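Undergrad: For reference, the structure I am asking about is given below.
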Amino acid sequence: MPVIVLIGAQWGDEGKGKATDLLGDRLDYVVKFNGGNNAGHTVVIDGEKYALHLLPSGILSSNVIPVIGNGVVVDLNVLFQEIDGLEARGIDTSRLRISANAHVIASYNRSLDKVSERFLGSRRIGTTGRGIGPTYADKMNRVGIRVQDLFDESILRQKVTAALLFKNQVLSKIYNRSAVKVEEVVQELLSYVDRLRPYVADTALELSQALDNEKVVLCEAGQATLLDVDHGTYPFVTSSNATAGGACTGSGIPPTRIDRVVAVLKAFTSRVGEGPFPTELHDKWGDYLREVGHEYGTTTGRPRRIGWLDLVIGRYAQRINGVTDFAMTKLDNYDGLDEIPVCVAYDVNGVRHDEMPINQTDFHHAKPIYETLPGWKQDISGCRKFEDLPVEAQAFVEFVEARVGARISIVGVGPGREAVIERHSVLGG
Ligand code: GDP
Ligand code: IMO
Ligand code: MG
């Protein structure tokens with residue numbers, strides 16, 4: 001039965017958490033398939049705010065089984081902090097399943113993330129400092145520690161020893177830090193074993209059986225298309241596949257079982273960290289949208305960089321992810337504007353580009369070509385049907401829809417669970 005993949009169309013923070021939560025009562029499983037606690041999803045239910053980093057947003061729906069897939073990197077300290085925080089607020093987390101093949105973020109990788117960023121200086125990526133990049137690098141270098149390794153103390157010790165053989169040289173000789181002791185890392189990781197055990201499962205097998213039994217599974221991306229290590233603005237990206245393809249490798253669900261791909265597209269653009277951003281605003285409108293949209297990082301609290309909506313990126317996201325439906329969020333943040341510029345193409349050294357330039361240098365030099373749409377100057381947060389929206393807001397959505405290559409099925413008009421217009425069911429139909 002249906003597998004829906006939900007991804008971010010831009011540079012993250014589009015409102016993926018809210019979109020997942022919105023679909024919650026129609027889902028049986030929500031699988032996080034990439035990233036770790038670099039993600040930050042804010043979900044507002046009945047005026048109560050939940051900030052999730054590592055746990056899939058589906059944890060907030062009592063009928064959903066949340067799954068941390070094999071493609072995720074898990075900081076065990078953060079995992080249990082988040083579980084304890086939710087339990088204290090009355091959310092039952094016992095349904096959580098964690099893949100035995102997911103990798104764990106060891107303390108030395110958090111240190112390496114921070115010191116390497118400092119070392120890069122002006123060339124830094126602006127990472128979240130959570131150890132994400134070094135942990136994925138270890139996975140690829142085949143010196144990573146997996147969840148299952150924690151259940152065999154002798155294997156764990158061997159793996160930590162092997163990893164530190166090289167890392168301690170780097171830490172001490174390049175970064176001038178003290179070497180890390182194998183036993184300290186091993187004991188820290190072992191301290192989580194008893195709490196971790198009940199959650200660990202063969203999640204790929206469970207998901208396959210669930211699908212055979214007609215269950216509905218949503219694979220929820222962390223980060224977004226332009227932060228994808230292959231398809232994003234490399235090197236200013238995260239270290240995993242945040243695009244739809246990552247849903248297969250990061251969960252064990254085969255491509256032939258995926259039915260729909262929903263891309264969450266914010267009505268404007270934001271970016272945290274370094275890297276190119278053609279429609280970035282350095283004027284009062286950037287500050288205005290940052291304030292009305294509360295655009296400060298859920299994970300690091302950094303003010304997000306803000307820009308106008310970029311349809312070159314929207315089209316690119318549609319193509320790379322095979323998007324069947326868009327969810328446009330934060331349309332209400334335009335309520336106070338007289339007019340709204342939308343980027344429809346780029347000018348690169350006098351040449352018009354309707355698609356993403358093939359090389360990064362051109363993308364750095366891309367100047368947005370705007371079309372300006374009229375604003376609506378009224379509060380749309382109470383609208384629940386498309387026809388309720390002012391005609392200018394309807395025209396805005398239709399303008400975007402005509403240029404991004406897939407229907408806009410959901411329109412967000414406020415942060416709350418209820419503040420949404422559903423034009424089409426993303427489960428098909
Ligand atoms: P994610 O990382 O993609 O899950 O997004 P974040 O949670 O980091 O950022 C999105 C923010 O926008 C959150 O604070 C949401 O509560 C908020 N949000 C989501 N959809 C809407 C919407 O339609 N309107 C408004 N005003 N806020 C929204
Ligand atoms: P959600 O899931 C926005 C950015 C960081 C940095 C780059 C690499 O909330 O959309 P990393 O720590 O992953 O190695 O940092 O990626 N980044 C995000 N930006 N939203 C996120 O997640 C992000 N996760 C990572 O700011 O530029
Ligand atoms: Mg976020």
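Undergrad: Picking from 84, 92, which residue would you name as being loosely packed, with under 15 Cβ neighbours inside 10 Å and assigned to a loop (DSSP other than H, G, I, E, B)? Break it down into steps so the answer makes sense when it comes.
TA: Numbers: 84 fails: assigned to a loop (DSSP other than H, G, I, E, B).
Testing whether each residue is loosely packed, with under 15 Cβ neighbours inside 10 Å and assigned to a loop (DSSP other than H, G, I, E, B) leaves just 92.
Residue by residue, here is whether (1) among the β-branched types (Val, Ile, Thr); (2) within 16 Å of ligand 3 (Cβ to nearest atom); (3) over 20 Å from the mean Cα position of the chain (by Cα); (4) not in a loop (DSSP other than H, G, I, E, B) holds:
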| site | (1), (2), (3), (4) |
| --- | --- |
| 273 | no, yes, no, no |
| 278 | no, no, yes, no |
| 285 | no, no, yes, yes |
| 288 | no, no, yes, yes |
| 291 | no, no, yes, yes |
| 298 | yes, yes, no, no |
| 301 | no, yes, no, no |
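Undergrad: Separate question: Between a residue in the range 48-75 that is more than 21 Å from residue 416 (Cβ to Cβ) and within 15 Å of ligand 2 (Cβ to nearest atom) and any residue that is assigned to a helix (DSSP H, G or I) and among the small types (Gly, Ala, Ser), which pairs come within a Cβ distance under 7 Å, given they are 6 or more apart or on different chains?
TA: If the second residue must be assigned to a helix (DSSP H, G or I) and among the small types (Gly, Ala, Ser), the pairs left are 71/246.
Undergrad: Taking only the range 10-44 into account, find how many residues are in contact with a strand residue (DSSP E or B) (Cβ under 7 Å, 6 or more places away or on another chain), small (Gly, Ala, Ser) and more than 11 Å from ligand 2 (Cβ to nearest atom).
TA: Of the residues in the range 10-44, 1 are in contact with a strand residue (DSSP E or B) (Cβ under 7 Å, 6 or more places away or on another chain), small (Gly, Ala, Ser) and more than 11 Å from ligand 2 (Cβ to nearest atom).
Undergrad: Give the range 16-44 a look and list any residue that's farther than 21 Å from residue 132 by Cβ, surrounded by fewer than 24 Cβ atoms within 10 Å (Cβ to Cβ), within 13 Å of ligand 1 (Cβ to nearest atom) and among the small types (Gly, Ala, Ser), or say none.
TA: none
Undergrad: Would you check which residues across the range 207-236 are aliphatic (A, V, I, L, M), surrounded by 24 or more Cβ atoms within 10 Å (Cβ to Cβ) and either within 11 Å of ligand 2 (Cβ to nearest atom) or within 12 Å of residue 11 (Cβ to Cβ) (or both) and list them?
TA: Result: 221, 224, 226, 227.
Undergrad: To continue, here is another question. Only one of 97, 89, 118 is under 19 Å from residue 273 (Cα atoms) and basic (Lys, Arg); which?
TA: One residue alone meets the criteria, 118.
Undergrad: Still on this structure, I have one more. For the range 26-48, which positions are more than 23 Å from residue 226 (Cα to Cα) and of a type in the set (Phe, Trp, Tyr)? Step through it out loud before you land on a result.
TA: Filtering the range 26-48 down to residues more than 23 Å from residue 226 (Cα to Cα) leaves 26-29, 44-48.
Correct list: 29 only.
Undergrad: Further question on the same structure: Residues that are farther than 30 Å from residue 183 by Cβ, outside any helix (DSSP H, G or I) and within 16 Å of ligand 1 (Cβ to nearest atom): does the range 65-76 have at least one?
TA: Yes.
Undergrad: Can I ask one more? Out of all the residues in the range 326-354, which are closer than 30 Å to residue 379 by Cβ and either within 16 Å of ligand 3 (Cβ to nearest atom) or in contact with a His (Cβ under 7 Å, 6 or more places away or on another chain) (or both)?
TA: The answer is 327, 329, 330, 333.
Undergrad: When residues of the range 315-343 are filtered for being farther than 15 Å from residue 15 by Cβ and of a type in the set (Gly, Ala, Ser), how many remain? Lay out the reasoning, then the answer.
TA: Applying the first criterion (farther than 15 Å from residue 15 by Cβ) to the range 315-343 yields 315-316, 318-324, 335-343.
Those still in the list that are of a type in the set (Gly, Ala, Ser) too: 322, 336.
Number of matching residues: 2.
Undergrad: Kindly list the number of the only condition in (1) within 13 Å of ligand 1 (Cβ to nearest atom); (2) closer than 25 Å to residue 77 by Cα; (3) more than 9 Å from the chain's Cα centre (by Cα) that fails for residue 10.
TA: (2)
Undergrad: Another question, then. Quick one: which strands (runs of 3 or more DSSP E) lie wholly within the range 315-429 and hold at least 3 residues that are buried (at least 19 other Cβ atoms within 10 Å of the Cβ)?
TA: 325-329, 339-348, 407-412
Undergrad: I'd like to check something: does the range 379-387 contain any residue that is at pLDDT below 95, away from ligand 3 (no atom under 16 Å from the Cβ) and more than 15 Å from residue 344 (Cβ to Cβ)? Talk me through it step by step, then tell me what you get.
TA: Taking the range 379-387 as the starting set, the residues that turn out to be at pLDDT below 95 are none.
Scanning the range 379-387 turns up no residue that is at pLDDT below 95, away from ligand 3 (no atom under 16 Å from the Cβ) and more than 15 Å from residue 344 (Cβ to Cβ).
Undergrad: Among what's in the range 19-36 and is within 16 Å of ligand 3 (Cβ to nearest atom) and either out of contact with any Gly (no Cβ under 9 Å at 6 or more places or on another chain) or among the small types (Gly, Ala, Ser) (or both), pick the residue that is nearest to residue 106 (Cα to Cα).
TA: 36
Undergrad: Same structure, new question: Here is a list of conditions, (1) at pLDDT 95 or above; (2) more than 12 Å from ligand 3 (Cβ to nearest atom); (3) basic (Lys, Arg), and residue 16 meets all of them except one; can you say which number that is?
TA: (2)
Undergrad: Being in contact with a Gly (Cβ under 9 Å, 6 or more places away or on another chain) and among the polar types (S, T, N, Q) narrows it down to one of 187, 209, 223, so name that one.
TA: Among 187, 209, 223, only 223 is in contact with a Gly (Cβ under 9 Å, 6 or more places away or on another chain) and among the polar types (S, T, N, Q).
Undergrad: Also, I was wondering about something else. Looking at (1) within 15 Å of ligand 1 (Cβ to nearest atom); (2) at pLDDT 95 or above, find the lone condition where residue 273 falls short.
TA: If we test residue 273 against (1) within 15 Å of ligand 1 (Cβ to nearest atom); (2) at pLDDT 95 or above, just (2) comes out false.
Undergrad: Let me ask something additional. Does the range 174-190 hold any residues that are at pLDDT 95 or above, of a type outside the set (Lys, Arg) and either loosely packed, with under 13 Cβ neighbours inside 10 Å or under 30 Å from residue 272 (Cβ atoms) (or both), and which are they?
TA: The answer is 180, 183, 184, 185, 187, 188, 189.
The values are calculated or read from the model by the stated rules, or taken from the named source; none is laboratory data. This is a predicted model, so every value here is computed, not measured. Here the Cβ is made from the backbone with ideal geometry for all residues, glycine too, and neighbour counts use every protein chain on show.
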